[in-house]
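Below is one structure; the comments refer to it alone.
The values are calculated or read from the model by the stated rules, or taken from the named source; none is laboratory data. Keep in mind that what you see is a predicted model, and the values were worked out from it rather than measured. Glycine also receives a Cβ, built like all others from the backbone with ideal geometry; neighbour counts cover every protein chain displayed. Only protein heavy atoms, including side chains, enter the accessible area calculation; ligands, DNA and RNA are left aside. Shrake-Rupley method; radii C 1.70, N 1.55, O 1.52, S 1.80 Å.
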Amino acid sequence: MYFHQLLLLIIHKFHGERSSTAPFYLLKGKKSGQTIQDVTYFKLHPFFSLYPKLSLDEYNGEILTLLKEGYIEEDKSIINLTEKGTMHINSMRDPQFNGWLYRGNEHMFWSRIALVIQTLSHFEANVHRYVPNQKNPDIHRFVKGYLFSRDYKSAEFYTNFRQQLLQLLENTKFENIHREIFVYRLSGYGRSGLTWEQLARYYNRPLLDIKLLFIESLHIALSIIHNEKFPDLLPLTKNVEVQTPLTESAMKTYQLIQKGHTLEDIAAIRFLKFNTIEDHIIEIVSAIRNFPIYSYISNEQVDKVLKISNSLQTKKLKAIREHVPHLSFFQIRIALAKGEGANG
């Protein structure tokens, strides 16, 4: 199973320092200080918010399967790979996700391109009445504006769009299964896209695998499209990339910091706990590389923490603090976030 491989890879990257629920919150895209911090600490950006609809029951079932099959082991709620699990991920291809950048917005791109293709296929067949394959009115408005901005009824536009789409799918970043699932999901004149269940039966693979391979195909497509070669596809990617990696709450804290407020002031102004504001700082440091941290920790202290972390091969705060007891856990978290952000 592809999902099993991804889970094993994520668990491997946690280096036995997180509980069995950490991968779940990562894949769901939980906007907590801990999960955001882990993304940076363990370089897990590709997998963040990869599958927001994943249910806890579904996830726990997959974890239980991995435990039963001997791919992972659990000790006091901490999970790690077994030798069998390590061998399994060593044989897998590199996944091509960028969850941190898209955070589910890849589906907006898909909805747009799917409706454009359906519309063009019906116009080519001279059929002007059909049931749109997308229900979202925002998608309808976007596609209508996109088509009216072009001579979409012309043979030239249709030909150019088709050629660009074919060129996109011919890119070697795609595997055949990516191309096939992408195309099989499309609807057009006289043709309905296959459902997830139909695809799962066709490939004899779990439903979750099919959905993840589809998401991967969209991430690959978005990574390829650029203005020179795909002038008619590029507009469909508008606002798909997350403009700011900060959560809404962290952004409000960041704006107050820029106005000169202290962390204590911000906690009072926003009626939030002080440790929540500290979580926001970790998120800000992780996301904004040039964010000044000198008011919280010196560069020398950052270097000291990173050397200890590398020497001990751990991100565990308690283990690191034993060697720098004069620093707070908050300062150590900043150092780790700053260091991994710079390295990643």
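When the stretch 38-59 is examined, which residues are found to be touching a residue at least 40 places away in the same chain (Cβ under 8 Å), assigned to a helix (DSSP H, G or I) and open to solvent by 10 Å² or more (accessible area, probe 1.4 Å)? Matches in the stretch 38-59: His45, Pro46, Glu58.
Selection of first residues in the stretch 247-264 that are under 16 Å from Ser286 (Cβ atoms) and of second residues that are open to solvent by 70 Å² or more (accessible area, probe 1.4 Å), restricted to Cβ pairs under 8 Å at least 6 apart or on distinct chains, gives the following pairs, ordered by first then second residue: Thr247/Lys31; Ser249/Lys31. The selection criterion, being among the hydrophobic types (A, V, I, L, M, F, W, C), in contact (Cβ under 8 Å) with a residue 40 or more places away in the chain, open to solvent by less than 50 Å² (accessible area, probe 1.4 Å) and in a helix (DSSP H, G or I), does not hold for Leu199. The set of residues from the stretch 13-34 being open to solvent by 10 Å² or more (accessible area, probe 1.4 Å), farther than 17 Å from Gln96 by Cα, modelled with pLDDT of 90 or more and part of a helix (DSSP H, G or I) comprises Ala22, Phe24, Tyr25, Lys28. When the stretch 118-148 is filtered for residues that are open to solvent by 70 Å² or more (accessible area, probe 1.4 Å), hydrophobic (A, V, I, L, M, F, W, C) and farther than 21 Å from Lys238 by Cβ, only Val131 remains. For Glu264, the conditions (1) of a type outside the set (Gly, Ala, Ser); (2) closer than 30 Å to Thr159 by Cα; (3) surrounded by fewer than 18 Cβ atoms within 10 Å (Cβ to Cβ) are fulfilled apart from (2).
For every residue, the table says whether it meets (1) within 30 Å of Thr247 (Cα to Cα); (2) of a type in the set (Ser, Thr, Tyr); (3) not in a helix (DSSP H, G or I).
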| residue | (1), (2), (3) |
| --- | --- |
| Gly104 | yes, no, yes |
| Phe109 | yes, no, no |
| Val116 | no, no, no |
| Phe123 | no, no, no |
| Arg129 | no, no, yes |
| Asn133 | no, no, yes |
| Leu165 | no, no, no |
| Ile181 | no, no, no |
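Beta carbons closer than 6 Å, at least 6 apart along the sequence or on distinct chains, pair a first residue in the stretch 278-291 that is touching a residue at least 60 places away in the same chain (Cβ under 8 Å) with a second that is assigned to a helix (DSSP H, G or I) and surrounded by fewer than 22 Cβ atoms within 10 Å (Cβ to Cβ) for Glu278/Phe330; Asp279/Gly33; Ile282/Gly33; Ile282/Gln37; Ser286/Gly341.
Of the residues in the stretch 108-117, none is surrounded by fewer than 14 Cβ atoms within 10 Å (Cβ to Cβ) and either under 29 Å from Ile177 (Cα atoms) or in contact with a Phe, Trp or Tyr (Cβ under 7 Å, 6 or more places away or on another chain) (or both).
For the stretch 83-124, a residue qualifies if it is more than 23 Å from His12 (Cα to Cα) and among the hydrophobic types (A, V, I, L, M, F, W, C), and the qualifying residues are Met108, Phe109, Trp110, Ile113, Ala114, Leu115, Val116, Ile117, Leu120, Phe123. Here Arg185 does not fit the description of being at pLDDT below 95 and among the charged types (D, E, K, R). Residues of the stretch 68-94 that are modelled with pLDDT under 95, open to solvent by less than 40 Å² (accessible area, probe 1.4 Å) and part of a loop (DSSP other than H, G, I, E, B): Met92 alone.
As a summary of the residue check, Thr65 satisfies the conditions (1) touching a Lys or Arg at 6+ places or on another chain (Cβ under 7 Å); (2) part of a helix (DSSP H, G or I); (3) in contact (Cβ under 8 Å) with a residue 40 or more places away in the chain; (4) surrounded by fewer than 19 Cβ atoms within 10 Å (Cβ to Cβ) except for the one numbered (1). The residues on offer are Ser217, Ser223, and the sole one that is in contact (Cβ under 8 Å) with a residue 40 or more places away in the chain, assigned to a helix (DSSP H, G or I) and open to solvent by 20 Å² or more (accessible area, probe 1.4 Å) is Ser223. Considering each residue of the stretch 232-243 in turn, at least one proves to be out of contact with any Leu (no Cβ under 9 Å at 6 or more places or on another chain), open to solvent by 20 Å² or more (accessible area, probe 1.4 Å), part of a helix (DSSP H, G or I) and not polar (S, T, N, Q).
Restricting the stretch 149-190 to residues that are within 25 Å of Leu207 (Cα to Cα) and aliphatic (A, V, I, L, M) leaves a set whose member that is surrounded by the fewest Cβ atoms within 10 Å (Cβ to Cβ) is Val183. Being open to solvent by 90 Å² or more (accessible area, probe 1.4 Å), within 17 Å of Phe291 (Cα to Cα), out of contact with any helix residue (DSSP H, G or I) (no Cβ under 7 Å at 6 or more places or on another chain) and charged (D, E, K, R) is true of Lys259.
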